[in-house]
Structures are given as structure tokens and as C-alpha cells.
Amino acid sequence: MAPVPIFPIKVGHIDDVQELRKTKPTTIPERYVRDQTERPTLATTLLSSSSSPTDDIHIPIINLSKLMKANNNTTTADEFHTEIVNLTTACQEWGFFQVVNHGIDLSLLESIEMVAKDFFMLPLEEKQKYPMAPGTVQGYGQAFVFSENQKLDWCNMFALGVEPHYIRNPKLWPSKPADFSETLESYSREVRKLCQNLLRYIAVSLGLKEDVFEEMFGVAVQAVRMNYYPPCSRPDLVMGLSPHSDGSALTILQQGKGSSVGLQILKDNTWVPVQPIPNALVINIGDTIEVLSNGKYKSVEHRAVTHKEKDRLSIVTFYAPSYEIEIGPMTELVDDVNNPCKYRRYNHGEYSKYYVTNKLQGKKTLDFAKIQVTNSS
Ligand SMILES: COC(=O)C(/C=C/C1=C(C)CCCC1(C)C)=C/O[C@H]1C=C(C)C(=O)O1
Ligand SMILES: O=C(O)CCC(=O)C(=O)O
Ligand SMILES: [Fe+2]
């Protein structure tokens with residue numbers, strides 16, 4: 001079952017941050033000003049032009065051609081094995097990696113970026129023809145807002161369900177720019193293949209049969225969200241996108257060329273920026289893989305911060321099992337003595353509904369599935 005809008009909710013007035021930036025460049029309405037403890041740290045915002053200790057930390061890079069070519073006999077078994085080991089480390093220790101030589105045409109990456117940017121640059125009245133209704137996640141607006149006193153993100157979003165077709169709301173697919181839909185279809189087809197391949201290698205890295213996830217997922221759900229972060233005169237006070245983990249199995253994130261550095265991941269209690277690599281895609285493990293791997297691979301909390309002068313665009317694809325599928329830790333990865341089962345079994349449609357009807361709040365949403373450990377002594 002697809003996520004559904006909930007009971008009528010009152011979200012109050014939500015400013016469009018792009019318009020705000022245009023008309024009142026130095027005004028930050030109270031709803032965007034974070035409480036002290038929730039503000040981005042100085043090192044990663046105010047001092048972004050000078051170096052900070054986290055600048056030297058980089059998420060792993062996976063060369064997909066080393067994994068793909070194994071099927072064409074152009075990569076040796078040793079090279080394949082080494083890259084699988086790299087993938088295991090990336091998933092186990094980071095939950096995030098960048099993939100190079102992913103096989104998607106660079107012209108397609110450029111085209112999707114172009115149509116996304118062109119869409120956000122349309123007049124507000126045009127974009128508002130595709131409104132995200134309160135409590136829903138598709139269309140143009142701010143997702144995950146459920147009350148009048150909730151702090152807002154310094155971000156405009158445009159999100160669409162793509163596959164299977166029944167999750168689409170055709171009224172929300174824009175007629176401008178003219179090539180938007182065609183480009184999104186081509187891009188999504190390629191990203192879907194990439195997700196399927198990555199899941200195959202992730203299964204191998206977990207010691208599972210390579211097509212186990214593809215067989216389990218049914219017709220996988222795929223959605224895209226385009227995030228546009230205008231510059232902000234006080235990046236130290238606001239959040240571009242609140243800390244969260246993704247509910248998907250995998251997320252594929254494309255960072256706009258020339259955009260500011262904005263994505264940060266929580267590693268060992270420190271927010272580490274993800275430095276864009278030209279033409280690479282950022283991959284992250286979602287809550288669903290955390291559950292399926294019985295916590296061996298964890299979804300990692302991440303957020304986006306804003307920049308004083310530069311804007312930022314990200315194009316994000318969520319790939320998840322069909323809503324009918326029941327999810328739980330793979331039996332091969334559960335061992336009552338050394339690795340007891342950490343998550344209950346549940347229906348993925350129920351999880352999706354729960355995810356999209358709660359505000360983004362770190363990894364809290366995954367409590368839905370966690371088995372609480374009680375101290376029996
Ligand atoms: C931050 O995460 C999201 O915005 C998000 C939303 C995805 C969706 C749409 C934009 C439209 C169609 C439905 C769907 C919920 C997939 C994350 O998606 C994750 C969260 C769950 C759960 C999931 O399956 O994908
Ligand atoms: O814009 C970004 O880099 C982060 C986007 C993200 O995490 C999301 O859309 O779920
Ligand atoms: Fe995310």
C-alpha cells in the first residue's frame with residue numbers, strides 16, 4: 001500500500017525560501033532559526049572558506065567498473081574481490097560511499113541537473129501548480145512538516161514517485177521545462193539499473209546469493225526528490241535539511257555541479273562534509289538494508305547545511321522494496337549466540353507510511369522496527 005495523506009494537519013505559513021532570499025535577502029524568519037543545540041557547527045558553515053579538521057576525511061570511493069566488468073572477464077577475480085572488500089568496508093564503517101565509473105552517461109547526469117535547475121528557476125506561480133499537500137511527500141514544497149511550531153528547513157523540494165506507475169500522481173509531473181518528464185524517465189531507468197547492480201554486490205559482500213534482494217523486493221519502489229538550497233545570509237542559524245536516515249534500501253544522490261559543499265554525514269559523533277567528486281554519485285545505505293543485514297550495515301544519519309553566497313542542488317533517488325513485501329533480518333545473518341535478531345518483521349508499506357508521516361528526526365524512525373533489549377538479570 002502506498003503512503004497516504006493523513007488527517008487534516010495545520011502547518012501554518014511556510015515561506016518559499018527562494019522567494020524570501022530574492023525579496024528580503026537578510027531576513028531569517030523565526031521558524032527557520034534553530035535552537036542552539038540544533039545549529040550547524042561553526043567549523044562547517046561560517047569558516048567554510050578556511051580549512052576545518054574534517055576537510056581531510058573522505059568517504060570511500062567504489063569503482064563500479066571493477067565489479068561490473070567481472071561479468072565480461074575484463075577484470076581479474078583478484079580485482080573483483082578487492083573491490084568487494086572495499087564495498088564491505090564502505091558499507092560497514094561508513095554507510096556512505098561515492099561510486100565512480102557507474103556506467104550512467106554523463107550527458108544524462110547533466111540533463112537531469114539542467115531540468116531540475118530550470119524547474120526551480122521557474123516563477124513561483126508556475127511551481128505552485130504542483131503543490132505538495134500538507135502531510136504528503138510528492139510535489140513542490142516542504143515535506144515532513146506536521147505542525148505549526150515545527151522548525152523548517154532552508155530548502156525547496158520537488159518530489160515525485162516514479163515506479164511502479166501506480167505511485168505516480170500525473171498531475172504533479174510538470175509541463176515546464178518541456179523535457180522534464182522525458183529526462184526524468186531516462187534518468188530513472190538508468191539509476192534503477194545502478195541500484196539493482198549495487199544491491200547484487202551488496203548481497204555478495206554480505207555472503208548472500210547475489211540476486212536475493214532483487215527476488216525479494218518485487219517491483220521495487222523508486223522515487224526522486226530534487227532539493228534546492230538557496231544561499232542563506234546566516235548559515236550558522238538554519239538547517240538546509242534536518243538530520244535523518246533514509247527509509248529506503250539504497251539512496252543515490254547526485255550533487256549539482258558548481259554547488260556549494262552541503263551534505264554532511266555523522267561519523268563517530270562528528271559531522272563530516274561529503275566533498276563532491278565530479279561525475280561521481282553518492283550512495284547511502286537506507287534503513288531497509290540495516291534491517292535486512294541485521295544491523296551489519298547501518299543507515300547513517302546525514303543532513304544538509306547552507307552557504308552564505310552559493311546555492312546548492314541535489315537530486316536524490318530512493319530505491320525500496322515493493323509495499324507488499326515483508327521485511328526482517330535475513331536468517332543467514334542472525335545467530336542466536338553471537339548476533340541475535342535486532343529487528344522485528346514488518347510490512348514495508350507500513351514502514352513507508354510511518355516514515356512519511358513523521359518528521360525527520362535522526363534515526364528515530366527506525367525504532368519502528370527495533371527489538372528493544374531488556375535487561376533480564
Ligand atoms: C527523506 O526521504 C524521503 O523524502 C523519502 C520519500 C520517498 C517517497 C516519495 C518522494 C514519493 C513516493 C513514496 C516515497 C515514500 C517512496 C524517502 O523515501 C524512502 C522512505 C521510505 C520508507 C522508502 O521506502 O523510501
Ligand atoms: O541534499 C543533500 O545532499 C541531502 C539530501 C537528502 O539527504 C535527502 O533528500 O534525503
Ligand atoms: Fe537523505
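The values are calculated or read from the model by the stated rules, or taken from the named source; none is laboratory data. If you're wondering where the values come from, they're calculated on a predicted model, not measured in any experiment. No Cβ is skipped: glycine too gets one built from the backbone with ideal geometry, and neighbour counts run over all protein chains shown. Quick note on the areas: whole protein, heavy atoms, side chains included, nothing else; ligands and nucleic acids left out. Shrake-Rupley method; radii C 1.70, N 1.55, O 1.52, S 1.80 Å.
Listed by first and then second residue, the pairs linking a residue in segment 222-250 that is among the β-branched types (Val, Ile, Thr) to a residue that is within 9 Å of ligand 2 (Cβ to nearest atom), with Cβ atoms under 6 Å apart and 6 or more places separating them unless they lie on different chains, form an empty list. Answer yes if at least one residue in segment 320-338 is more than 17 Å from Ser248 (Cβ to Cβ) and within 13 Å of ligand 2 (Cβ to nearest atom), and no otherwise. No, segment 320-338 contains no residue that is more than 17 Å from Ser248 (Cβ to Cβ) and within 13 Å of ligand 2 (Cβ to nearest atom).
Just to check your reading of the model, which residue among Glu79, Glu113 is out of contact with any Ser or Thr (no Cβ under 9 Å at 6 or more places or on another chain), part of a helix (DSSP H, G or I) and at pLDDT below 95?
Numbers: Glu113 fails: at pLDDT below 95.
Residue meeting the stated conditions: Glu79.
Selection over segment 146-174 of residues that are crowded, with 21+ Cβ neighbours inside 10 Å and β-branched (Val, Ile, Thr) gives a count of 1. Whether any residue in segment 295-303 is within 14 Å of the chain's Cα centre (by Cα) and over 20 Å from Trp94 (Cβ atoms) is what I want to check. No: segment 295-303 contains no residue that is within 14 Å of the chain's Cα centre (by Cα) and over 20 Å from Trp94 (Cβ atoms).
Please verify whether Tyr319 is under 21 Å from Leu160 (Cα atoms), away from ligand 3 (no atom under 11 Å from the Cβ) and of a type outside the set (A, V, I, L, M, F, W, C), treating the condition exactly as stated.
On the way: under 21 Å from Leu160 (Cα atoms): yes; away from ligand 3 (no atom under 11 Å from the Cβ): yes; of a type outside the set (A, V, I, L, M, F, W, C): yes.
Here the answer is yes, as Tyr319 does meet what is asked.
One residue stands out among those in segment 347-377 that are hydroxyl-bearing (Ser, Thr, Tyr) and open to solvent by 50 Å² or more (accessible area, probe 1.4 Å): the one that is farthest from Val11 (Cα to Cα), which is Ser377.
Taking segment 80-99 as the search range and keeping residues that are of a type outside the set (D, E, K, R) and in contact with a helix residue (DSSP H, G or I) (Cβ under 7 Å, 6 or more places away or on another chain), which one is nearest to Ile62 (Cα to Cα)? Reasoning before the result, please.
In the first step, residues of segment 80-99 are kept if they are of a type outside the set (D, E, K, R); the result is 80-82, 84-92, 94-99.
Right, trim to in contact with a helix residue (DSSP H, G or I) (Cβ under 7 Å, 6 or more places away or on another chain) and you get 80, 84, 87-88, 91, 97, 99.
On the way: Phe80: 11, Ile84: 9, Leu87: 7, Thr88: 10, Cys91: 11, Phe97: 7, Val99: 5 Å.
Step by step, filter segment 80-99, then rank; the result is Val99.
Identify all residues within segment 315-335 that are of a type outside the set (Gly, Ala, Ser) and within 15 Å of ligand 1 (Cβ to nearest atom); write none if there are none. Can you show your working first?
Start the filter on segment 315-335 by keeping residues that are of a type outside the set (Gly, Ala, Ser), which leaves 315-319, 321, 323-327, 329-335.
The answer is Ile315, Val316, Thr317, Phe318, Tyr319, Pro321, Tyr323, Glu324, Ile325, Glu326, Ile327.
The set of residues from segment 240-251 being more than 11 Å from ligand 2 (Cβ to nearest atom) and either assigned to a loop (DSSP other than H, G, I, E, B) or open to solvent by 10 Å² or more (accessible area, probe 1.4 Å) (or both) comprises just one member, Ala249. Residues that are within 14 Å of Pro177 (Cα to Cα) and under 19 Å from the mean Cα position of the chain (by Cα) within segment 85-119 comprise Ile112, Glu113, Ala116, Lys117, listed in sequence order.
Would you be able to say whether some residue in segment 132-148 is at positive phi and not in a loop (DSSP other than H, G, I, E, B)?
To start, the set of residues in segment 132-148 that are at positive phi comprises 135, 139, 141, 144.
With not in a loop (DSSP other than H, G, I, E, B) added as a condition, the list becomes 139, 141.
Checking segment 132-148: at least one residue is at positive phi and not in a loop (DSSP other than H, G, I, E, B).
Is it fair to say Val305 is touching a residue at least 12 places away in the same chain (Cβ under 8 Å), among the β-branched types (Val, Ile, Thr) and within 13 Å of ligand 3 (Cβ to nearest atom)? When the stated conditions are applied, Val305 does not pass them.
Among the residues of segment 205-219, is there at least one that is in a loop (DSSP other than H, G, I, E, B), closer than 23 Å to Val100 by Cα and open to solvent by less than 40 Å² (accessible area, probe 1.4 Å)?
Taking segment 205-219 and keeping what is in a loop (DSSP other than H, G, I, E, B), we get 206-211, 218-219.
If we keep only those that are closer than 23 Å to Val100 by Cα too, we end up with 206, 210-211.
Applying the additional criterion that residues be open to solvent by less than 40 Å² (accessible area, probe 1.4 Å) yields 206.
Checked segment 205-219: at least one residue is in a loop (DSSP other than H, G, I, E, B), closer than 23 Å to Val100 by Cα and open to solvent by less than 40 Å² (accessible area, probe 1.4 Å).
Here Arg192 fits the description: part of a helix (DSSP H, G or I), among the charged types (D, E, K, R) and under 24 Å from Cys91 (Cβ atoms). Taken over segment 302-346, the criterion of being among the β-branched types (Val, Ile, Thr) and surrounded by 20 or more Cβ atoms within 10 Å (Cβ to Cβ) is satisfied by Val305, Thr306, Ile315, Val316, Thr317, Ile327. Among residues of segment 253-268 that are farther than 9 Å from Val282 by Cβ, those with a beta-carbon under 8 Å from a residue that is among the aliphatic types (A, V, I, L, M) and open to solvent by 30 Å² or more (accessible area, probe 1.4 Å) at least six positions away or on a different chain give the pairs Lys267/Ile57.
Is one or more of the residues making up segment 224-233 within 27 Å of Ser293 (Cα to Cα) and either open to solvent by 10 Å² or more (accessible area, probe 1.4 Å) or not in a loop (DSSP other than H, G, I, E, B) (or both)? Yes. Reported count of residues in segment 96-126, each being closer than 24 Å to Lys171 by Cα, of a type in the set (S, T, N, Q) and open to solvent by less than 30 Å² (accessible area, probe 1.4 Å), is 0.
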